[in-house]
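Here, each number is a calculation from the coordinates, and none is a lab measurement. Bear in mind the structure is a predicted one, so any value in this text is a computation, not a measurement. As a convention, Cβ positions derive from the backbone with ideal geometry for all residues, glycine included, and neighbour counts pool all protein chains shown.
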Amino acid sequence: MTAATHTKVLIVGAGPTGLALAIELGSRQIPCVVVERNDRVGYAPRAKTTNVRTREHLRRWGIADKLAAASPLGLDYPSHVLFITRLAGHMLARFDNALDCSPERNPHYSEHGQWIPQYILEEVLRSHAQSLPTVIIGTSALVESHNV
């Protein structure tokens, strides 16, 4: 990426939100530039699921199946939430399929949620965004407020 790039739409940050915006704009042939200070996806644990609404967007963008295939956790991975007093302690409450990640379809949603680490989500989103001709992604780039 050159030192100075002119664009009508500048997206700062290539996390899930920035990449989703770039994909949305790129799918409409709207030119945009995404700048990200890191040159790679971060592998530190962060988000771990995509919810049903996010999966609907992924399906619309044509990458839901690609993301599902990239996940190290299958659809049968438990999505129960437990509240307990301590490890191996007394259970206070249990919510089965709390994140709608069950392989069975919920009639209220067109998609199910999915367990997937954020770094894999970002890799799939970035790959798709880079395939769109009107999207430019610059890494190791910082935005300064001068003339913005």
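Using DSSP loop states and a limit of at most 15 other Cβ atoms within 10 Å to flag chymotrypsin sites (Phe, Trp or Tyr not before Pro), what is the longest stretch of the chain containing no flagged site?
Values: sites that count: Tyr43, Tyr109.
Looking at the chain, 44-108 is the longest stretch - no exposed chymotrypsin sites (Phe, Trp or Tyr not before Pro) with at most 15 other Cβ atoms within 10 Å.
For the range 70-108, which trypsin sites (Lys or Arg not before Pro) pass both filters: DSSP loop (anything but H, G, I, E, B) and at most 12 other C-beta atoms within 10 Å? Spell out each step's value before the answer.
Values: sites: Arg86, Arg94, Arg105; in loops: Arg86, Arg105.
Those satisfying the criteria are Arg86, Arg105.
Among the GluC sites (Glu not before Pro) in the range 98-133, which ones are in a DSSP loop with at most 10 other Cβ atoms within 10 Å of the Cβ? Mind listing them?
Glu104
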In the list [x] 1.00; [y] 1.07; [z] 0.95, the entry giving Rg/Rh (Cα atoms, Kirkwood Rh) computed from the coordinates is [y]
Quick one: which residues, 5+ away or cross-chain, put their amide H under 5 Å from the amide H of Gly138? H built at 1.01 Å from N. Val34, Val35, Glu36
Going by a ≥ b ≥ c, the root eigenvalues of the Cα gyration tensor, does the range 38-113 fall in the rounded group (a/c under 1.5), the prolate group (a/b larger than b/c) or the oblate group? oblate
GNM of the chain, Cα pairs under 10 angstrom: of Thr49, Thr85, Thr134, the biggest fluctuation goes to Thr85
